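Read through the structure below, which is laid out as structure tokens, and then see the notes.
Computed from the coordinates by the stated procedures, all read-outs in this text should not be read as laboratory data. Just so we're clear, the structure is a prediction, and the values are computed from it rather than from any experiment. Cβ coordinates were reconstructed from backbone atoms using ideal geometry, including for glycine residues, and neighbour counts include every protein chain displayed.
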Amino acid sequence: MRYVIDFSEGSKEQVDLLGGKGANLAEMTKLALPVPTGFTITTRACLDYLQKKEFDSNELNMEIRQHIESMERRTKKKFGAAADPLLVSVRSGSKFSMPGMMDTILNLGLNDETVIGLIQKTGDSRFAYDCYRRLLQMFGDVVCGIDKNRFEEQLDFYKSKNKYVLDTEMQAEDWQKLVAVYKDIFLEVSHQPFPQDPYEQLTLAVEAVFRSWNNRRAITYRRLHNISDSLGTAVNIQEMVFGNFGSKSGTGVAFTRNPATGEKGIFGEFLLNAQGEDVVAGIRTPQPISELELLMPKVYQEFLKLSGLLENHYKDMQDIEFTIENGKLYLLQTRNGKRTAKSAFKVCIQLVEEGIISKKEAIQRINPTMVTQLLHPVFEPECLKEAAIFAKGLPASPGAASGNIYFTAEQAKKASEQGEKVILIRQETSPEDIEGMVVSEAIVTSRGGMTSHAAVVARGMGVCCVAGCEEVYVDEFLEQATADGVTLHQGDPISVDGTTGTIYKGSIPYVQGDEWQVLEIITDWAKEAASIDVKANAETPADIETALKLGAEGIGLARTEHMFFGEERIFEMRKMILAENEESLMAPLNQLKEFQKEDFRTMFTLLKNKSCTIRLLDPPLHEFLPQTEEEIIHLANATKRTKEQINHRIAELHEQNPMLGHRGCRLAITTPQIYEMQVAAIIESAIEVSQHEGNSTIVPEIMIPLIGSQEEMLWLRERLVRTIQEIFDEKEQVIPYKIGTMLEIPRACLTAEKIAEAADFFSFGTNDLTQLTYGFSRDDSVKFIGAYQDKQLLKNDPFQHIDEEGVGMLMKIAVDKIREVDPTIKIGVCGEVGGDPQSIRFLKKIGVDYISCSPYRIPAAILTIAQES
Ligand code: PEP
Ligand code: MG
């Protein structure tokens, strides 16, 4: 078994074994870039260690020793030697980046002897003792679980005793004294002295990093990002280079393009004379990378060159960590940069325009769920004019949100569980805060830059964030935040604009934001590649316009009942429902027909030549009945009836189980005049628009809901065809049309080949089909589905993600049966799952011709289909 692989042996493809960091360090080594030498302990070693299965610690230690010896030959330094000691960093690195979730130890190899060697080598005892105390602190925390604050408290105490404000005021002897204090803390808490043997340090450190795979914050992060627990982490051992080695040293993080906006050009930050995680942790506020050009022009130019090279090599925006040691640049990490949805779309478009990737590759790179983030909320511009600014900071993650402020993750979580909208405000966040960040509408920090923990994590989650609001004094202990003389307390409302970096007092209403242009470009590319169409579930002019703008190929479901809820219309509807004879039925029906015609004309005009599927009336009639006493009296007066007569009719219409009752096509079996009126309205308006627009290609698709048998379909079809023929005769004009049905009753799926003899097209209504297949009421199942999920009896809510095994199986049977009778007949899906990327992948596989979903879900649906095509 080989547990260890040298950087010079691996490659970027080996992410499973080497983790993302290790694989990319190997790749950069292969490209002969300035990477400090080192090796990776594989994820396999971690998994074996965690399971203690086949794990041989002697073998691992032997391999580690061999690789350290090989590093010693390359660096001409010795691990544990009194003169010029080799020091290493120990960093975790799993397949998927989990920023800050697991542990890191720097300066490993230092002890009471080697620290003297480091002083002799560098001539800088202040630096050497600072490194040693950092090792004690990190090692104590990671390996022995000693609270970091125990060390920090002593540092603060020492500084205040000596009237120092900044760490930079600490001299060599100060750090040396602190090293002794830290060693005492170590002994007191862990009941053992700090290990002086560097190999013992290394073994303990590696095992601690292995274990950190299972710490609480790492587990929470994995749950949140759907990362499997079974991957394990690799551990990278690398020669230390020092960014805290005086004013010609520093450390930083930079993106090759802006991760928030997608703007081209290097974007990042650095800290002079700082080590390791200082930038990411947001403990000091760093300088923008452009300032490096003034301070160290040569290093800056070299960094630009190398970052360009890396971006071209990986063909994607890179997130690069670097360290400058005494004027020499080292690369410590590169990876594809995490970015906002806006940045992801923009970078893809740029890379295609620059010829680096193809359109097809661009489409594959975009996660369809990002579309939601792209259309981020923004504050109502009018309300913003009057809003009072509390403070300003860095626009770390775009969006707009209002909520009540909380100063700890724990309080934020508690308040959110009580149903409050919360905003987490802290000096800086750390990985421990993840549970509070997840529930927050927005995150605000007073320290840290654009690449701080808060900024990176918020962007990843699509949560709006303002970081580095230095003018705000955040007192986490007193639970208050003060800026410019104004103090806010826990529970006070604020509004956060992550796009501009502004924080306002109080709540401000927000509206959905839009990045239509970028979205349009990618959607157009995706449409070229998509093998099936995406249509919209829409009936109002505004929704139809939105749907068309977002890429809909037509309307796949216009629910006509949605057109009956206006004040005037519902009144006619009620009159129709109350009718006791043909005469009193026809007057309101004729009135309703005029309303319907008006709507259909608008629809056909907006859609031009695009397809339009109109579904005839579906819900139980009682949904339209008056609810309040006032409405009942009004209806009684208008129809010259008594209140009692109306109440009597309402009682007559009452059903024990309306979802399974008198609804859908059953309404037309008992009262065919309703569908006849609707069909006449559809056909007449199609003829009128065809004449008016000189457009003869309107082919209305009339869809009958809730069909369960061939007999129902034949009976209704015959009547509707007759009505249509009468119109053609009267108008002396014939237009093409189709009459189809929904597949939303299990029986219809099982007899679909028979129904196909009477239907011109089909559309699966997965909402009702799921309800009837599972026997879960679609209106009431929210009460228990959560419990099913908690008890792992259900993986997903089947109304959100298709139940492939049951409902999906019925659908597959239906598709196969229909195709046997007519291979060309169009079959679509218009239930909720039609807009869900996960379900779309399955629906495409069973061979549907199109899906139809609500307008805002259209771009994600098109993208998903393109990715699967
Ligand atoms: C369905 O049942 O999936 C459907 C689209 O119809 P509705 O939601 O209107 O019942
Ligand atoms: Mg339905």
Self-check item: Of the chymotrypsin sites (Phe, Trp or Tyr not before Pro) in the range 389-483, those whose Cβ has at most 13 other Cβ within 10 Å and which sit in DSSP loop
Solution: F477
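Which loop trypsin sites (Lys or Arg not before Pro) in the range 725-804, with loop taken from DSSP, have no more than 16 other Cβ atoms within 10 angstrom of their Cβ?
Details: sites: K731, K738, R747, K754, R778, K783, K791, K795; in loops: R778, K791, K795.
Those that pass, being in a loop and sparsely packed, are K791, K795.
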Quiz prompt | Gap separating the Cα centres of the range 559-573 and the range 240-260, nearest whole Å | solution = 64 Å
Quiz item: Mind checking Rg over Rh on the range 499-596, alpha carbons, Kirkwood formula for Rh?
Solution: 1.21
Quiz prompt | All-pairs Cα distance distribution in the range 589-647, expressed in whole percent, bin size 5 Å | solution = 4, 14, 15, 16, 16, 13, 9, 7, 5, 1, 0
Quiz prompt | Cubic angstrom per residue, convex hull over Cα atoms of the chain | solution = 200 Å³
Self-check item: Globularity ratio of the range 1-100, using Cα Rg and 2.2 N^0.38 Å
Solution: 1.10
Quiz item: Using the alpha-carbon centroid of each, what span in Å lies between the range 733-751 and the range 344-358?
Solution: 43 Å
Quiz prompt | Amide hydrogen neighbours beyond the local backbone of A442, cut-off 5 Å, H modeled | solution = L424
Self-check item: GluC sites (Glu not before Pro) lying in DSSP loop within the range 799-869, provided at most 16 other Cβ fall within 10 Å
Solution: E805
Quiz item: Can you sort C665, C465 by how many other beta carbons sit within 10 Å, fewest first?
Solution: C665, C465
Quiz item: Once you have the alpha carbon radius of gyration of the range 411-505, what is it after dividing by 2.2 N^0.38 Å, with N set to its residue count?
Solution: 0.97
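Viscosity 1.567 mPa s, temperature 4 °C: Stokes-Einstein D of the range 60-102 from its Kirkwood Cα radius, in µm² per second? Don't skip to the end; give the middle numbers.
Values: Rh = 12.3 Å.
The diffusion coefficient I find is 106 µm²/s.
Please state the charge dipole magnitude for the chain, taken about the Cα centre, from unit charges on C-beta atoms (+1 on K and R, -1 on D and E), reported in debye and rounded to the nearest 20. Before the final figure, lay out each step's value.
Details: 94 positive and 127 negative charges, 424 e Å.
Around 2040 debye, computed over the chain.
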Practice problem: Apply the Karplus parameterisation 6.51 cos²θ - 1.76 cosθ + 1.60, with θ equal to phi minus 60°, to every residue of the range 326-333 and state each ³J(HN,Hα) to the nearest whole Hz, in sequence, with x for glycine and proline. | Solution: 6, x, 10, 8, 10, 9, 9, 6
Exercise. May I ask you to work out the translational diffusion coefficient for the range 194-251 at 4 °C, viscosity 1.567 mPa s, via Stokes-Einstein with Rh from the Kirkwood sum over Cα pairs, reported in whole µm²/s?
Key: 91 µm²/s
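As a check on your grasp of the helix formula, calculate [θ] at 222 nm for the chain: sum -39500 (n - 2.57) over DSSP H runs of n ≥ 4, divide by the residue count, round to the nearest 500. Show your work: numbers first, answer last.
Details: 35 runs with 406 residues, N = 869.
Helix contribution divided over all residues of the chain: -14500 deg cm²/dmol.
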Quiz item: How many angstrom lie between the C-alpha centres of the range 420-480 and the range 110-189?
Solution: 29 Å
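What order, most packed first, do the peptides 491-499, 709-717 have when packing is the mean number of other Cβ atoms within 10 Å of each residue?
Working: 491-499: 23.0, 709-717: 18.2.
Taking the mean over residues of other Cβ atoms within 10 Å, the ranking is 491-499, 709-717.
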Exercise. Please list, in chain and number order, the residues 5+ apart from S11 or on another chain whose amide H is under 5 Å from its amide H, with Hs placed from the backbone.
Key: none
Quiz item: Relative to the compact globular guide of 2.2 N^0.38 Å, what is the alpha carbon radius of gyration of the range 383-428, as a ratio?
Solution: 1.31
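Which of the peptides 182-189, 585-592, 22-29, 225-232 is most tightly packed, and how do the rest follow, judged by the mean count of other Cβ atoms within 10 Å per residue? All intermediate terms of the calculation are to be shown ahead of the outcome.
Values: 182-189: 16.6, 585-592: 18.2, 22-29: 26.0, 225-232: 13.6.
Going by the mean number of other Cβ atoms within 10 Å, highest first, we get 22-29, 585-592, 182-189, 225-232.
I need the peptides 628-638, 3-13 ranked by packing, meaning the mean over residues of other C-beta atoms within 10 angstrom, with the highest value on top. All intermediate terms of the calculation are to be shown ahead of the outcome.
Values: 628-638: 13.9, 3-13: 18.7.
The packing order, highest mean first, is 3-13, 628-638.
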Quiz item: Kirkwood hydrodynamic radius of the range 601-681 from all distinct Cα pairs, in Å?
Solution: 15.2 Å
Quiz prompt | Amide proton proximity set for Q333, modelled H, under 5 Å, gap of 5+ | solution = E321
Self-check item: Neighbour-count ranking [beta-carbon atoms within 10 angstrom, fewest first] of C830, C469, C383
Solution: C383, C469, C830
Quiz item: Per q in 0.21, 0.23, 0.29 1/Å, what log10 I(q)/I(0) does a Debye calculation on the alpha-carbon atoms of the range 1-48 return?
Solution: -0.59, -0.70, -1.02
Quiz item: In cubic angstrom, how much convex hull volume per residue do the alpha carbon atoms of the range 527-646 span?
Solution: 118 Å³
Self-check item: Fewest-first ranking of I683, I289, using other Cβ atoms within 10 Å as the exposure measure
Solution: I289, I683
Practice problem: Report the far tail of the P(r) of the range 739-869, meaning the percent of Cα-Cα pairs longer than 21 Å. | Solution: 39 percent
Quiz item: Using bins 5 angstrom wide from zero, how does P(r) for the range 45-134 break down, in % of all Cα pairs?
Solution: 3, 12, 16, 18, 17, 15, 11, 5, 1, 0
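In square nanometres and to one decimal, what's the mean projected area of the convex hull around the Cα atoms of the range 216-340? Walk me through the numbers before you get to the answer.
Values: hull surface 35.5 nm².
For the range 216-340, averaging the hull's shadow over all directions gives 8.9 nm².
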